[in-house]
Amino acid sequence: MTVLGSKLHQDELNGSARSSYFNSPPLDVSVAFPQATPASKFPTHVADYYQLDDLLTPEEQAIRLQVRQCMEKEVAPVMAEYWEKAKFPFHVIPKLGEMCVAGGTIKGYGCPGLSITGSALATAEVARVDASCSTFILVHSSLAMLTIALCGSEEQKQKYLPSLAQLSNVACWALTEPDYGSDASALRTTATKVAGGWILEGQKRWIGNGTFADVLIIFARNASTNQINGFIVKKNAPGLTATKIENKIGLRIVQNADIVMNRVFVPDEDRLPGVNSFQDTAKVLAVSRVMVAWQPIGICMGIYDMCHRYLRERKQFKAPLAAFQINQQKLAQMLGNIQAMTLVGWRLCKLYEAGTMTPGQASLGKSWITLRARETAALGRELLGGNGVLGDFLVAKAFCDLEPIYTYEGTYDINSLVTAREVTGIASFKPTFLTKQSRL
């Protein structure tokens, strides 16, 4: 390539300096690399080695299969394209709504009333094909809808839940702020009582679905009581803006937002009466943390399914990659991780259904499963070689998508500390120099 000058950027070169094929469209991956099938044609599910289906009810088996079929047909063909563009495929929302999983465990109001195991399996099956779609549904369903169901008035439930269950309206859940992530209970957004309602002032960050949500669940500090309250805010409310966070390396389809509230008025009927302290969010987070633990399970199932097919199709040295011992060892290690992750996730669901699950158990499940998932994804990345960095073959995309999941809903470290506090009886969240006495 001819360089016309050190100050001239390559994208400013005139046409004569470029090759005649410079702007040619890329080859379709099936033409460029015909030896292996891309993830747009999703592989057969082969990761259930210990036959989890035997532990499920017929209803749970049916919802698992229904979601799997929908995701493979409707989302798999377009996910790499939209992930690359960091845009959301709005045209698939009606298809996701037809799966009848939004609302999860909520009973009535048009919601499916699934068991928590059924809801977790649906989460995993969505994540198996695309982690961003699973996050979209999780934020909408296991956070926003569940907050209305657990903390809303009867009028609020009847008004909002039916359309959200159908995905004809979309919701987001805004707790995290620029200055308060792991320390979310110290949030700074304020709610000031005025005649007929409340005035919200503040800023939120990393809010999934935030740029296009019809309904926003906002948490703010009551200026009079200093306690955390919850509010339902409608899109386009005066003083409300939501802008997309750019340049993410993971969950690129998810539209995370910076939300700014400048004297946003919320009428009294849209204050959530069941949110009167930060502890009231714990009822929601207990369920959502179980759901988040099943996301990496599903992601790793997809990675394994993809690697299993790829190793049988791809040949080097006149043999399929599946014939080499080191590749078989990595595949077996991945499979073992997935069985262990799945059984931990299943046990969490059973503890929740029995009413005995503790916050520490939920946190250990989420932290340990995401840790094993990172290891599993790294092995899959190695198995695919050069194609392990292409979104077309799923693994690279899934590898990146795991990173934000490792962090959100409590980082690995914070979740580990929640578990450790429960088993030792000693809290260690704040540095010792901030406390007046030794933790001991």
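By the Stokes-Einstein formula, at 1.306 mPa s and 10 °C, the chain with its Kirkwood radius over alpha-carbon pairs has D equal to 68 µm²/s.
Based on the Cβ-Cβ distance from Ser185 to Glu84, what FRET efficiency comes out when R0 is 30 Å, to the nearest 0.05? Efficiency for this residue pair is about 0.20. The Val260 and Glu154 beta-carbon pair, evaluated with R₀ = 35 Å, returns a calculated FRET efficiency of approximately 0.65. For region 174-189, the Karplus equation 6.51 cos²θ - 1.76 cosθ + 1.60, evaluated at θ = phi - 60°, returns couplings of 10, 10, 5, 10, x, 9, 9, x, 4, 8, 4, 5, 8, 3, 10, 4 Hz by residue, with Gly and Pro reported as x. In this label model, Ile426 and Glu246 are separated by 4.8 nm, measuring between points 7 Å along each Cα→Cβ vector.
Please report, largest first and rounded to whole Å, the three semi-axes of the ellipsoid equivalent to region 143-253, where each semi-axis is the square root of five times an eigenvalue of the C-alpha gyration tensor.
Equivalent ellipsoid of region 143-253: 21, 20, 13 Å, largest first.
Quick one, what does Rg over Rh come out to for region 31-130 if you take C-alpha atoms and the Kirkwood Rh? It would help to have the intermediate numbers written out before the result.
Numbers: Rg = 15.2 Å, Rh = 14.9 Å.
Across region 31-130, the Cα-based Rg/Rh ratio is 1.02.
Top mean-square fluctuation among Val275, Val194, Val260, Gaussian network model of the chain, C-alpha springs under 10 Å? Greatest mean-square fluctuation among the candidates belongs to Val194. Volume per residue of the convex hull around the Cα atoms, evaluated for region 86-128, comes out as 80 Å³.
Which whole-number percent is the relative contact order of the chain (Cα, under 8 Å, 6+ apart)? Intermediate results must be reported in sequence, preceding the final value.
On the way: 781 pairs, mean separation 71.0, N = 440.
Once normalised by length, the contact order is 16 percent.
Say the cut-off is 24 Å between C-alpha atoms; which of Lys41/Lys244; Lys193/Lys234; Lys193/Lys430; Lys244/Lys366; Lys41/Lys87 go over it? Don't jump to the answer; show the numbers that get you there.
Working: Lys41/Lys244 30 Å; Lys193/Lys234 18 Å; Lys193/Lys430 32 Å; Lys244/Lys366 27 Å; Lys41/Lys87 21 Å.
Pairs exceeding the cut-off: Lys41/Lys244; Lys193/Lys430; Lys244/Lys366.
Per-residue packing, averaged as other Cβ atoms within 10 Å, sorts the ranges 26-33, 237-244 into the order 237-244, 26-33, beginning with the highest.
Rounded to the nearest angstrom and listed largest first, the equivalent-ellipsoid semi-axes of region 236-283 from its Cα gyration tensor are 27, 19, 8.
As a test, work out the antiparallel percent of DSSP beta bridges whose residues both lie in region 176-249, rounded to the nearest 5. Intermediate values should be presented prior to the final figure.
Working: 13 of 15 bridges.
That works out to approximately 85 percent antiparallel.
For region 298-360 and region 44-100, what is the separation of their Cα centres, given in Å? For region 298-360 versus region 44-100, the Cα centre distance is 17 Å. The residues of the chain expose on average 46 square angstrom of accessible surface per residue, using a 1.4 Å probe on protein heavy atoms. For a modelled paramagnetic label at Asn226, 7 Å from Cα along Cα-to-Cβ, the residues of region 266-288 in reach, with backbone nitrogen under 17 Å, are 276-279. Here region 309-433 is treated as a sphere whose radius is the Kirkwood value from Cα pairs; by Stokes-Einstein at 25 °C and 0.890 mPa s it diffuses with a coefficient of 147 µm²/s. Across region 358-372, rounded Karplus estimates of 3J(HN,Hα) from the backbone phi angles (6.51 cos²θ - 1.76 cosθ + 1.60, θ = phi - 60°) give 9, x, x, 5, 4, 5, 5, x, 5, 5, 5, 5, 5, 5, 5 Hz, Gly and Pro being marked x.
Across region 380-390, rounded Karplus estimates of 3J(HN,Hα) from the backbone phi angles (6.51 cos²θ - 1.76 cosθ + 1.60, θ = phi - 60°) give x, 4, 5, 5, 8, x, x, 6, x, 10, 9 Hz, Gly and Pro being marked x.
Taking 1 over the mean of 1/r across every pair of different Cα atoms in region 265-340, what Kirkwood radius in Å do you get?
On the way: mean 1/r = 0.0613 Å⁻¹.
Radius from the Kirkwood sum: 16.3 Å.
Under 5 Å from the amide H of Asn256 lie the amide H atoms of Asn209, Ile245, each residue being 5 or more positions distant or on a separate chain, with H modelled from the backbone and absent for Pro and chain starts. The GNM of the chain, with springs linking C-alpha atoms under 10 angstrom apart, assigns the highest mean-square fluctuation among Asp214, Asp53, Asp270 to Asp53.
Accessible surface of region 327-405, 1.4 Å probe: 61 percent of it comes from carbon and sulfur atoms. For Val264, the residues whose modelled amide H falls within less than 5 Å of its own, excluding neighbours fewer than 5 places apart on the same chain, are Leu200.
Taking amide H as placed 1.01 Å from N in the peptide plane, Val170 has its amide H under 5 Å from the amide H of Asp214, Val215, each at least 5 places away in sequence or on another chain.
Placing unit charges on C-beta atoms (Lys and Arg positive, Asp and Glu negative, everything else neutral), compute the dipole magnitude of the chain about its Cα centre in debye, rounded to 20. Don't skip to the answer; put the middle values down first.
Working: 44 positive and 39 negative charges, 132 e Å.
Computed charge dipole of the chain: roughly 640 debye.
Can you compute the label reach from Phe324? Point 7 Å from Cα along the Cβ direction, backbone N cut-off under 17 Å, restricted to region 28-49. Correct set: 35-36.
The values are calculated or read from the model by the stated rules, or taken from the named source; none is laboratory data. Note that the coordinates shown come from a computational prediction; the quantities given were computed from them, not determined experimentally. Neighbour counts run over all protein chains shown; Cβ positions are idealised from the backbone, glycine included. Only protein heavy atoms, including side chains, enter the accessible area calculation; ligands, DNA and RNA are left aside. Shrake-Rupley method; radii C 1.70, N 1.55, O 1.52, S 1.80 Å.
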